[in-house]
Amino acid sequence: MINKYAMRNMFSTRRSTGIFVVSAWVVFAFLFYVFIYVHNQESLITSIVRKLDKAGTEAQAHAERQKALQQKKEDAEEQLRLAASNSTLGLHSIQFLNLPHRHDRFDAAAIQSLLSDIDVEYFPAVVDTDIRDQGLPPTSKPNTLKKGEIGCWRAHANLWQYQVQKRIPALLILESDAAWDVYIRQQMGVLNKPFRELLVQDNPDILRQPAHNKSSSAADQNTRGRTHAKDLADDYEDYDDLAAKRAALENQYVDPLPVDPEDPWAAKTGLWDILTIGHCFDSRDKTSTSFRVYDDPWGPNNGFQFNDIGMDKPLNRQRVVFRAMGMVCTTGYIISLRGAAKLLVRTNFNLDMPVDLIMNEMAKAGELTIYSVQQRMVVQLIYRNGLGMKERGAQSDIHNEKAEGKWDMSGWDDAWKTKDVYDYKWSYENSGFENFALKKAWGVTMNDWDMTRRDVMRH
């Protein structure tokens with residue numbers, strides 16, 4: 001018979017062994033779990049840290065990239081501003097139309113060009129005695145235009161013809177009675193940015209194209225026969241890698257228009273025909289948002305209010321550039337190659353109105369894309385009253401009727417005091433030049449002056 005004590009010891013030993021084995025497995029499982037958990041936690045933490053580091057690096061890189069892009073944008077704007085304010089105002093040339101007998105206007109243009117430091121080329125206007133019926137286009141309104149009006153049109157048309165023949169992207173055309181401010185270069189420089197912004201706003205399809213920001217290739221890009229921005233909309237399909245797409249998008253952020261110092265006014269894009277800076281009247285759609293108010297430190301400070309855009313405060317040291325529905329007077333306007341071609345075609349189809357009224361009608365019909373600036377940078381020059389110039393018919397070569405009777409010479413006393421014989425035509429009276437070049441001429445030229453110092457013009 002088995003001893004009860006021995007049995008009890010045997011079961012006790014087995015139980016202890018079982019407990020030990022189970023305990024060992026539990027401890028092993030616990031240690032294994034802890035090892036795996038801690039390892040995974042370490043991996044997780046390491047992964048999180050790496051991701052955070054990567055995110056921080058990417059965020060920093062993004063911030064640096066945005067900063068670099070902003071700097072690139074500002075550099076491009078400055079490059080264009082400088083180009084638009086050079087001695088030809090960023091254009092191929094400045095063409096001054098004048099009749100050969102108006103020596104006084106040649107002199108006035110030379111003085112203004114010197115004081116404002118711009119380069120003006122003389123282009124012969126057409127003498128009315130050279131007008132013959134055989135050389136004129138058809139007209140639906142015969143015997144309506146004066147010979148002076150026909151000669152005026154032909155002078156402008158000769159310049160358009162020259163522009164088309166030479167494939168010139170843009171010109172500034174000044175009539176012989178044009179007058180301007182000493183600081184016209186600076187004024188045109190600050191106009192450039194809002195004008196380009198307005199072109200982008202008015203042509204939203206341009207935002208779909210890769211921007212062209214290399215001045216070396218801008219000319220090539222505009223000679224492919226693709227004259228409008230929307231024709232380039234599918235160019236993104238050419239980019240197979242992300243880096244190229246990103247570069248294109250970043251360039252677009254800088255400027256959707258070509259950043260080309262040789263064409264700061266984007267004339268090669270075919271987005272506009274005329275930018276008028278010397279009209280006597282203009283008009284706009286008052287419901288349109290196609291305008292930009294911009295600061296011009298060299299602008300007028302005469303409390304002018306341009307009610308067409310609904311502003312409740314004067315445009316002091318500010319101007320507005322906008323899409324115009326019409327214009328009258330061609331005293332000073334920038335014309336693109338496309339605009340020149342359009343006007344040649346239209347006026348050779350039917351010469352039925354004076355040249356400015358044809359432009360006005362074409363704009364109303366949507367045939368001519370015109371942008372306008374208020375207040376204007378170019379005005380129509382006349383001689384002050386009481387100097388005998390009206391009696392001589394010297395105020396205009398188109399409407400040059402001489403006054404009859406006794407000559408009015410009452411203005412000479414004041415002319416001697418101010419050393420000034422010039423004024424604006426009444427339709428430009430709100431232009432508010434503070435540094436009218438011809439009115440500054442005596443004070444500047446008769447005193448010690450240095451043309452490298454622009455502040456001498458404030459005499």
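Throughout, read-outs are computed from the coordinates displayed, never taken from laboratory work. In this text the structure is predicted, and so the values were computed from the model without any measurement. A quick note on method: Cβ atoms are made from the backbone with ideal geometry, for glycine too, and the neighbour counts reach across all protein chains shown.
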Checklist outcome for this item: Given backbone amide H placed at 1.01 Å from N, residues whose amide H is under 5 Å from that of Phe123, ignoring those fewer than 5 places away on the same chain, are Phe96, Leu97, Asn98
Checklist entry - Whole-Hz Karplus ³J(HN,Hα) for segment 76-92, in order, using 6.51 cos²θ - 1.76 cosθ + 1.60 and θ = phi - 60°, x for Gly and Pro? => result 5, 4, 5, 4, 5, 4, 5, 5, 6, 10, 7, 6, 10, 6, x, 10, 4
Checklist outcome for this item: Over 18 Å (Cα to Cα) among Lys417/Lys439; Lys313/Lys364; Lys406/Lys439; Lys147/Lys342; Lys73/Lys268 -> Lys313/Lys364; Lys406/Lys439; Lys147/Lys342; Lys73/Lys268
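At a 10 angstrom cut-off on C-beta neighbours, averaged per residue, how do the peptides 338-348, 281-291, 177-187 rank from highest to lowest?
177-187, 338-348, 281-291
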Checklist outcome for this item: Summing +1 per Lys or Arg and -1 per Asp or Glu among the other residues with Cβ less than 11 Å from Val378's Cβ gives -2
Item to check | Long-range amide H partners of Tyr333 with built H, under 5 Å | outcome: Ile173, Ile277
